[in-house]
1. Of everything in segment 6-43, what is loosely packed, with under 13 Cβ neighbours inside 10 Å and either touching a strand residue (DSSP E or B) at 6+ places or on another chain (Cβ under 6 Å) or in a loop (DSSP other than H, G, I, E, B) (or both)? Give them in sequence order.
2. Can you tell me which of 159, 203, 231 is surrounded by 21 or more Cβ atoms within 10 Å (Cβ to Cβ) and over 18 Å from residue 114 (Cα atoms)?
3. Read through the list (1) in a helix (DSSP H, G or I); (2) among the acidic types (Asp, Glu); (3) within 12 Å of ligand 1 (Cβ to nearest atom), then give the number of the only condition that residue 165 fails.
4. Could you count how many residues in segment 239-272 are over 11 Å from the mean Cα position of the chain (by Cα), acidic (Asp, Glu) and either closer than 13 Å to residue 109 by Cβ or more than 16 Å from ligand 2 (Cβ to nearest atom) (or both)?
5. Could you count how many residues in segment 136-161 are among the small types (Gly, Ala, Ser) and more than 16 Å from ligand 2 (Cβ to nearest atom)?
6. Provide a single number: the residues in segment 103-135 that are farther than 28 Å from residue 243 by Cα and within 14 Å of ligand 2 (Cβ to nearest atom).
7. Checking residue 220 against (1) surrounded by fewer than 24 Cβ atoms within 10 Å (Cβ to Cβ); (2) within 16 Å of ligand 1 (Cβ to nearest atom); (3) among the β-branched types (Val, Ile, Thr), which single condition isn't satisfied?
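The values are calculated or read from the model by the stated rules, or taken from the named source; none is laboratory data. As the structure is a computational prediction, the values presented were derived from the model and not from experiment. Neighbour counts run over all protein chains shown; Cβ positions are idealised from the backbone, glycine included.
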Amino acid sequence: MFESTRERLQRIFQGLRGKGYLSEADVRAGLREIRKALLASDVHHQVVHDLIERVESQALKKVPQSVTPAQQLLGIVRWEMAAMMGGHLAKLRLQGQPPVVILVGPAGGGKTTTAGKLARLRQKALLVCADPYRPAAREQLETVAKLSGAAFFSADQDPISGVSEACAWARRNLCDVVIVDTPGIPPGESPPPFLGELIQKIPPSDVLLVLDALVGQEAVRIAEAFLPLEPTGIVLTKLDGDARGGAALSLPARIGRPVVFVGVGERPDDLEPFHPERMADRILGLGDLATLAEKLEKAGGEPFAQKAAVKESAFTLEDFLIQLEAMARAGPISHLLAHIPGVKLSGSEKLEQEFIRTRAIIQSMTIEERRNPNIIGASRKRRIARGSGTTVQEVNRLLNQFEQVQRLMPKLGRLPPGWKDMFKMG
Ligand code: GDP
Ligand code: MG
């Protein structure tokens with residue numbers, strides 16, 4: 001997610017971090033670079049302009065006196081970026097008995113997939129197909145409903161009376177949400193009149209505009225065509241791909257609707273709430289340890305939260321192992337690593353393999369060695385390599401990597417005031 005945006009911004013802040021004091025000229029030069037990086041990331045020019053202006057006015061006030069000027073500037077950028085994306089977590093309204101959520105958007109944006117993902121968030125969802133145009137749409141949604149364990153209702157013959165019927169059925173059958181999937185609108189076309197009528201008639205609790213993040217700021221133009229339907233929120237999909245920051249940063253500011261969820265994969269559970277601050281952290285390459293911790297905890301990884309939380313005391317290989325095991329339970333490692341600051345993703349298969357070997361190496365160590373790797377000399381390394389089916393070089397590499405992680409942990413504990421809470425877990 002946001003790899004290219006993140007890399008550019010990280011380079012800028014690394015450059016600034018080398019300076020003990022930031023002059024006004026340094027700040028302006030830094031902001032010029034940030035501006036370029038954001039434009040290259042396909043963020044809407046007006047959004048970039050507003051962001052830089054707000055950051056500049058604050059930074060010039062605060063930065064020169066600060067002890068850690070680069071971090072202070074980073075903090076201001078982070079804050080303003082989050083504000084631009086809505087500032088706070090937005091939630092679905094979900095009002096009504098049962099609440100009705102209608103998904104609208106361009107063809108291929110991810111409506112049908114998102115319908116299934118949303119169904120997973122409730123106990124008993126009813127998915128309704130209201131696409132009178134594309135015969136395959138019904139079948140696709142029916143499959144999605146099965147996958148998500150939701151009920152299915154077809155309203156494709158006459159969407160308006162069909163959806164009313166579906167709502168009545170949902171009430172009788174005590175469903176806790178009705179999710180209506182609608183036809184994808186081809187590029188350049190406006191939504192068909194029946195959609196507006198449907199929304200008038202029902203009326204839904206939430207109208208979600210589902211958009212593909214890969215199109216960058218083009219998403220703003222696409223979204224505008226749907227404003228007559230008065231969407232209450234946005235779902236931004238395909239953030240697992242090589243999306244740059246463009247859509248996430250531009251949409252809330254330009255469209256005036258919050259992003260409520262982001263899609264991070266094709267599977268039914270690949271949906272995350274949109275936390276503007278956490279998203280800003282990801283874009284800025286600060287990682288998103290809060291989301292990572294939540295995922296690990298969901299997978300039964302409390303020990304991670306307790307032990308590997310950003311603590312200033314020693315972080316041992318034992319903690320590292322616990323963390324790796326929690327990760328193994330929490331899903332594909334590439335998804336998880338994307339949340340850790342400073343971790344760069346390459347081929348995820350290779351990562352998966354490396355992960356298995358790393359775990360084997362630590363498992364081959366004695367408890368004493370895990371707590372105090374300094375005692376691991378040449379003969380211990382040979383024994384560990386033999387025991388784990390790896391090589392001494394691999395053991396060395398792990399020990400080096402571990403040293404880096406160990407150095408990173410206390411650093412996270414020394415972020416500017418207010419930030420530490422962000423990284424605190426559990
Ligand atoms: P619709 O036309 O708006 O209903 O879009 P679909 O739900 O059919 O999705 C179009 C394609 O995008 C499908 O191949 C989905 O698997 C894929 N897709 C949807 N959401 C995501 C996502 O968050 N990440 C990824 N990688 N693919 C997605
Ligand atoms: Mg569809």
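1. Correct list: 18, 19, 20, 21, 23.
2. Exactly one residue qualifies, and that residue is 159.
3. All conditions pass for residue 165, except number (3).
4. Of the residues in segment 239-272, 2 are over 11 Å from the mean Cα position of the chain (by Cα), acidic (Asp, Glu) and either closer than 13 Å to residue 109 by Cβ or more than 16 Å from ligand 2 (Cβ to nearest atom) (or both).
5. Going through segment 136-161 one residue at a time, the tally reaches 3.
6. Counting residues in segment 103-135 that are farther than 28 Å from residue 243 by Cα and within 14 Å of ligand 2 (Cβ to nearest atom) gives 9.
7. (2)
Here's the yes/no breakdown for (1) in contact (Cβ under 8 Å) with a residue 24 or more places away in the chain; (2) under 17 Å from residue 268 (Cβ atoms); (3) of a type outside the set (Lys, Arg):
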| site | (1), (2), (3) |
| --- | --- |
| 117 | yes, yes, no |
| 120 | yes, yes, no |
| 125 | yes, yes, yes |
| 128 | yes, no, yes |
| 131 | yes, no, yes |
| 137 | yes, no, yes |
| 142 | no, yes, yes |
| 147 | yes, yes, yes |
| 153 | yes, no, yes |
